[in-house]
Amino acid sequence: MRCKRYLPPEQIETFLNKLPKETKQKILGFSVNGLPIHLVELGKGERKILMWSQMHGNESTTTKALFDLIPWLIDAEQEVFLDKFKFYIILQLNPDGAKAYTRANANQVDLNRDAIDLSQPESRVLRNLFDEIHPDYALNLHGQRTIYGAGSNGKVATLSFLAPSADSQRSITPARAEAMKAIVAMYESLQNEIPQGIGRYDDHFNPNCVGDSFTQAGVPTLLFEAGHFPNDYPREQVKKYVFKAYQALLHFLLMKEKNVTTAQYFKIPENKSDFVDLIVSQLNVKQEGIVYKNQQVAIQYIEVLNKDAVEFKPSLKAYGKELPFRAHRHVTVPANKTEVVLEFSENKIISNPYFSKLFSVK
Ligand SMILES: [Zn+2]
């Protein structure tokens, strides 16, 4: 399956060129490979909201949701948001990573572990803007793999949030408390749409992470993670939920009418990474010459960029009699096919048309 998870820098340029002429735009700086990092400024309100997406180049869903949010904000009906807030939006902080479909930048640095060193031009672009504008809220927009469940009893984490810690005691500082409450407001407003599908990230303090360092600097910071939804590998459905989360957040920040507490934040189930993409049962497996009968096989997809589309390559996670994973999809090999043997060599599936079809993304 080929899908449109790939969002290279040209698509940012195309989007920006289509915005109304009066929209304020500027280039904040350049990536390692010299690509521009664009900023869109919207609104004239007092409270400043800083948003940045694709700090990890291969996490495009929150950017696609910004493609929906920006026109929505510009629409006259939403005038109230532009009156009350001023938005600073970086659609793609890591254009080199976006182009290559990698998490890291062109120097193989994870920009979300560079908040102290600021060793990379992209990290400095973000920090300089942060220092210049002193935002009232910071939104750190990411995407997560399919492995996360919203707690042990929940479903797959379609969205996850974190109000990062500001110190190793994970204190609820005023900035962190504000972020927690905003997350609770989003969580509540999306409950009916994605029941049991929203998780909370581990809040272990890491000052190298941008969200932690911004919270430490006293700014309420919210980490968004666009996750998986059943059968939605292109993440088009997830994109809609992210957009709804943005809207819910803005309504909350505007009205503050919801009575929410930090205690509710801790009731959001914490992410658990025990999902695999596919479990195939009743399979005979051959590895290094030995055949293991009637096994379960766990398959995890690896995203590979092929020309201008992302493909999902099945890779072996584990096999055994009873695997300790939850799966997005279950398949049982039919009785007339149980003599087909799946062969592995060093965890690589030896290709076979029957299994290629069986394991592919549906
Ligand atoms: Zn990320």
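Laboratory data are not the source of any read-out in this text; all were calculated from the coordinates shown. Keep in mind the model is a prediction, meaning the values are calculated, not measured. When we count neighbours, we look across all protein chains shown, and the Cβ atoms used for this are built from the backbone with ideal geometry, even at glycine.
Of the residues making up the stretch 171-191, those that are in a loop (DSSP other than H, G, I, E, B) and under 26 Å from D131 (Cβ atoms) number 3.
Give V304, V310, V291, V276 a once-over and let me know the one that is farther than 25 Å from D202 by Cα and crowded, with 18+ Cβ neighbours inside 10 Å.
Checking each option against the conditions leaves just V310.
Among residues of the stretch 130-153 being away from the ligand (no atom under 16 Å from the Cβ) and among the aliphatic types (A, V, I, L, M), the one that is surrounded by the most Cβ atoms within 10 Å (Cβ to Cβ) is A150.
Based on this model, can you work out whether R170 counts as in contact with an Asp or Glu (Cβ under 6 Å, 6 or more places away or on another chain), away from the ligand (no atom under 16 Å from the Cβ) and either on the phi > 0 side of the Ramachandran plot or basic (K, R) (or both)? For R170, the condition - in contact with an Asp or Glu (Cβ under 6 Å, 6 or more places away or on another chain), away from the ligand (no atom under 16 Å from the Cβ) and either on the phi > 0 side of the Ramachandran plot or basic (K, R) (or both) - is met.
The one condition from (1) under 30 Å from E188 (Cα atoms); (2) surrounded by 14 or more Cβ atoms within 10 Å (Cβ to Cβ); (3) not polar (S, T, N, Q) that A263 does not meet is (2). Hey, does the stretch 193-203 have a residue that's out of contact with any strand residue (DSSP E or B) (no Cβ under 6 Å at 6 or more places or on another chain) and β-branched (V, I, T)? The answer is yes, given that some residue of the stretch 193-203 is out of contact with any strand residue (DSSP E or B) (no Cβ under 6 Å at 6 or more places or on another chain) and β-branched (V, I, T). Whenever a residue of the stretch 46-71 is over 13 Å from A226 (Cβ atoms), its partners that are part of a loop (DSSP other than H, G, I, E, B) and of a type in the set (S, T, Y), lying with C-beta atoms within less than 9 angstrom and at least six residues away or across chains, give the pairs G57/Y101; G57/T102; I70/T23. Scanning the stretch 88-125 for residues that are more than 16 Å from the ligand (Cβ to nearest atom), crowded, with 20+ Cβ neighbours inside 10 Å and part of a loop (DSSP other than H, G, I, E, B) returns a single hit, A106. Among the conditions (1) more than 16 Å from the ligand (Cβ to nearest atom); (2) touching a helix residue (DSSP H, G or I) at 6+ places or on another chain (Cβ under 8 Å); (3) part of a helix (DSSP H, G or I); (4) of a type in the set (A, V, I, L, M), the only one that I194 does not satisfy is (3).
Applying a threshold of 9 Å to beta carbon distances and a minimum spacing of six or more residues, or different chains, the list of pairs starting in the stretch 140-162 at a residue that is on the phi > 0 side of the Ramachandran plot and ending at one that is away from the ligand (no atom under 14 Å from the Cβ) reads G151/Q196; G151/G199; G151/R200; G151/I268; G151/P269; G151/E270; G151/K272.
Among residues that are hydrophobic (A, V, I, L, M, F, W, C) and over 30 Å from L342 (Cβ atoms), L283 is not included. Just so you know, in the stretch 41-61 the residues that are assigned to a loop (DSSP other than H, G, I, E, B) and within 16 Å of the ligand (Cβ to nearest atom) include one that is surrounded by the fewest Cβ atoms within 10 Å (Cβ to Cβ), and it is N58.
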